[in-house]
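S.K.: Please find one structure pasted underneath; my questions will follow.
The values are calculated or read from the model by the stated rules, or taken from the named source; none is laboratory data. Here the structure is a predicted model, which means the values were calculated and not measured. For neighbour counting, all protein chains shown are included, and Cβ atoms are generated from backbone atoms with ideal geometry for every residue, glycine included.
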């Protein structure tokens, strides 16, 4: 009976850890912890191997203090980083769905987090995608109306680094 309980508890623990990895805040926390945990362990090992108050021991101690301070600082910034990632992810999803105005509204939330440059960059991308999608729609309307030459020129003018460009290339091949 104890064996079954032990096995089940381990399976549940592993399942819980795997489930937590799908949760973005947990991933960010683990990334920060591992990123600073490895140098911390190295510095701690150096401290244990060297005699107390030797030069390397003091350097390792200072490194430990610096790493611990950096870890605390990064943990205080963690909620902001998580929210920034969430906004960018949500905005990207909205752009992929063609909901450009909602994506712009989502990206405007970055300004409240103190990321106006990132906000402007993302909004510029959305505006470019929105314009390209409008051009693609207009080209499709022209094709439906039988004006192939105008549609072809419009399809060629769609910027290459947009989602609409992929569909534009397909339409150009059909012409």
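S.K.: Which one of the conditions (1) at pLDDT below 95; (2) closer than 23 Å to residue 85 by Cα; (3) in contact with a helix residue (DSSP H, G or I) (Cβ under 9 Å, 6 or more places away or on another chain) does residue 31 fail to meet, given that it meets all the rest?
M.R.: It is condition (3) that residue 31 fails.
S.K.: Out of all the residues in the stretch 79-91, is one or more over 26 Å from residue 25 (Cβ atoms) and at pLDDT below 95?
M.R.: Looking for residues that are over 26 Å from residue 25 (Cβ atoms) and at pLDDT below 95, one finds none in the stretch 79-91, hence no.
S.K.: Limited to the stretch 34-86, what total is found for residues that are touching a helix residue (DSSP H, G or I) at 6+ places or on another chain (Cβ under 7 Å) and assigned to a loop (DSSP other than H, G, I, E, B)?
M.R.: Within the stretch 34-86, residues that are touching a helix residue (DSSP H, G or I) at 6+ places or on another chain (Cβ under 7 Å) and assigned to a loop (DSSP other than H, G, I, E, B) number 2.
S.K.: Now for a different question. Please go through the stretch 126-146 and give me each residue that is within 11 Å of residue 162 (Cβ to Cβ) and buried (at least 18 other Cβ atoms within 10 Å of the Cβ), ordered by number.
M.R.: Selection gives 126, 129, 130, 132, 133, 135, 136.
S.K.: May I pose another question? Hand me the list of helices (runs of 4 or more DSSP H) wholly inside the stretch 95-174 holding 2 or more residues that are under 21 Å from residue 81 (Cα atoms) and either touching a residue at least 24 places away in the same chain (Cβ under 8 Å) or within 20 Å of the chain's Cα centre (by Cα) (or both).
M.R.: 100-107, 109-112, 116-145
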